Amino acid sequence: MKPHDGMYIDGDWRPAAGSGTIDVVNPADEQVFATVPAGTADDVDAAVRAARAAFRGWAATPPAERAARIAALRDVLAARSEEIAETVTAELGAPLAFSRAVHAGLPVAVAGSYAELAAAHPFEERIGNSTVLHEPVGVVGAITPWNYPLHQIVAKVAPALAAGCTVVLKPAEDTPLVAQLFAEAVHEAGLPAGVFNLVTGLGPVAGQALAAHEDVDLVSFTGSTAVGRQIAATAGAAVKRVALELGGKSANVVLPGADLAKAVNVGVANVMSNTGQTCSAWTRMLVHRERYEEAVALAVTAAAKYVPGERIGPVVNARQHERVLGYIAKGVEEGARLVAGGTEVPRTRGYWVSPTVFADVTAEMTIAQEEIFGPVLSILAYEDEEDALRIANGTVYGLAGAVWAGDDAAAVAFARRMDTGQVDINGGRFNPLAPFGGYKQSGVGRELGPHGLTEYLQTKSLQF
Ligand code: NAD
């Protein structure tokens with residue numbers, strides 16, 4: 001696609017209010033290959049006005065018709081999937097095969113799920129002598145990150161549109177092109193003007209203006225806990241609803257009796273996928289002391305398959321590169337045993353990191369507590385189930401996790417005691433309809449499926 005030099009507002013591409021631009025860099029080779037406009041508070045204001053003007057009409061559109069528009073959007077995304085994959089590979093650095101399967105494929109599935117849910121959702125119910133109406137919240141400000149750039153856009157915009165809300169999107173500065181491509185798809189799908197609007201720009205400028213705008217009714221944010229906290233405070237001051245999908249430090253708990261090779265192989269793949277830039281990644285592997293060394297050896301073999309440039313891409317930008325290498329150095333400094341990878345970079349040009357595995361990690365080490373957001377796995381030993389549970393629950397986060405045991409019942413029993421939003425049992429498949437979101441500092445609210453739709457609704461009771 002050809003980058004746009006304006007904002008998509010009220011159904012058209014308009015010149016930006018200011019003259020600032022943002023460079024788009026290919027993380028594989030550090031080349032600037034495009035620029036997009038850096039939005040200002042004026043652009044955000046124009047976009048919010050357009051969304052407000054379109055709101056009543058879209059909210060009053062019958063759900064079946066909204067569903068038909070979302071289905072059309074899904075079809076455009078499916079038809080343009082190769083272009084989407086190539087765009088994400090250029091701006092995020094993910095290998096093309098991964099971009100095709102996940103970065104282009106998942107948004108089609110999620111948009112499709114909301115085409116169905118929009119048509120089927122019970123927007124009215126009768127409770128005693130009341131009719132309860134589930135009405136759209138209003139204008140949504142969506143602020144998204146770069147790690148699954150199109151998925152995170154669709155996981156907010158599709159349910160918001162299904163609910164009858166209108167949207168202003170501020171995508172991550174590292175991955176604005178796929179957001180522009182999404183705006184083109186919205187246009188092609190024939191959504192009414194103003195229902196979806198796009199403002200590219202910097203977080204502290206355009207993002208902050210959107211979160212603070214008095215005519216935005218709900219802010220839905222995915223990104224770091226630090227920024228999420230700031231957005232919640234800004235929104236709280238205006239008594240505005242917020243949905244926050246933040247960081248994680250999820251535990252992959254391998255209980256005695258589990259298929260160790262499978263648990264370790266799937267666990268390593270889970271961490272290395274998308275170069276470790278997945279908020280729900282199982283970055284802490286917990287193994288019983290008796291089988292600990294066996295697990296470490298298996299993890300080293302598994303990590304060796306993630307050859308940079310083939311199965312694993314670079315990290316997104318210079319800041320993340322420095323941050324991830326800093327965490328690896330910290331792991332060594334705090335006494336963890338480096339068994340794969342390290343701070344030596346596989347290529348000098350681009351933001352490459354070697355797939356890294358640490359053994360002898362203890363629960364209080366920085367690399368066991370903080371989100372690294374790179375291809376770094378920490379393996380911890382536990383003494384018994386209570387110890388494993390204490391370690392698994394012993395961070396400020398609670399986004400995801402996994403439990404492996406000899407049978408599903410034993411794994412489920414353990415998972416019930418975990419303080420986290422999603423747990424995969426013995427390698428259970430990802431379910432795009434299951435609620436996704438965090439306990440504790442991993443966030444507020446849920447995305448995906450019917451639970452994701454209700455985030456964008458408010459209720460009104462009529463007694464008669
Ligand atoms: P970030 O939180 O700074 O950025 C996410 C989004 O928020 C971007 O669109 C950004 O422009 C916007 N933003 C930034 N400051 C803002 C502000 N003051 N007001 C409003 N919007 C603002 O994330 P990052 O700097 O790109 O990454 C830093 C760390 O965040 C990563 O290392 C990782 O730990 C975490 N992260 C988590 C997720 C996730 O899915 N949970 C995604 C990306 C990053």
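The values are calculated or read from the model by the stated rules, or taken from the named source; none is laboratory data. Owing to the predicted nature of the structure, the values given are computational and were not obtained by experimental measurement. Using ideal geometry, Cβ is built from the backbone for each residue, glycine included, and neighbour counts are taken over all protein chains shown.
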Assess whether residue 85 counts as being over 30 Å from residue 348 (Cβ atoms), surrounded by 21 or more Cβ atoms within 10 Å (Cβ to Cβ) and at pLDDT 95 or above. no
Count of region 254-280 residues which are aliphatic (A, V, I, L, M) and within 16 Å of the ligand (Cβ to nearest atom): 1
Where residues in region 208-245 are of a type in the set (Lys, Arg) and more than 18 Å from the chain's Cα centre (by Cα), which of them is nearest to residue 457 (Cα to Cα)? 241
Failed item, numbered, when residue 410 is tested on (1) more than 16 Å from the ligand (Cβ to nearest atom); (2) free of Cβ contacts under 8 Å to residues at least 24 places away in the same chain: (2)
Considering region 329-340 alone, what residues qualify as being assigned to a loop (DSSP other than H, G, I, E, B) and either exposed (fewer than 15 other Cβ atoms within 10 Å of the Cβ) or in contact with a Phe, Trp or Tyr (Cβ under 9 Å, 6 or more places away or on another chain) (or both)? 335, 336
Looking only at residues in region 264-308 that are farther than 12 Å from residue 377 by Cα and hydrophobic (A, V, I, L, M, F, W, C), which one is surrounded by the most Cβ atoms within 10 Å (Cβ to Cβ)? 287
Whether any residue in region 103-111 is away from the ligand (no atom under 16 Å from the Cβ) and within 23 Å of residue 351 (Cβ to Cβ) is what I want to check. yes
Could you tell me which residue of region 382-428 is nearest to residue 315 (Cα to Cα), considering only residues that are in contact with a strand residue (DSSP E or B) (Cβ under 6 Å, 6 or more places away or on another chain) and small (Gly, Ala, Ser)? 401
Candidates 182, 196 - the one that is under 19 Å from residue 115 (Cα atoms) and touching a Ser or Thr at 6+ places or on another chain (Cβ under 8 Å): 196
Which residue out of 32, 36, 25 is free of Cβ contacts under 8 Å to residues at least 24 places away in the same chain, aliphatic (A, V, I, L, M) and closer than 30 Å to residue 314 by Cα? 32
Hey, which of the strands (runs of 3 or more DSSP E) in region 142-253, taking only ones fully inside, have at least 3 residues that are within 14 Å of the ligand (Cβ to nearest atom) and buried (at least 21 other Cβ atoms within 10 Å of the Cβ)? 166-170, 218-222, 241-245
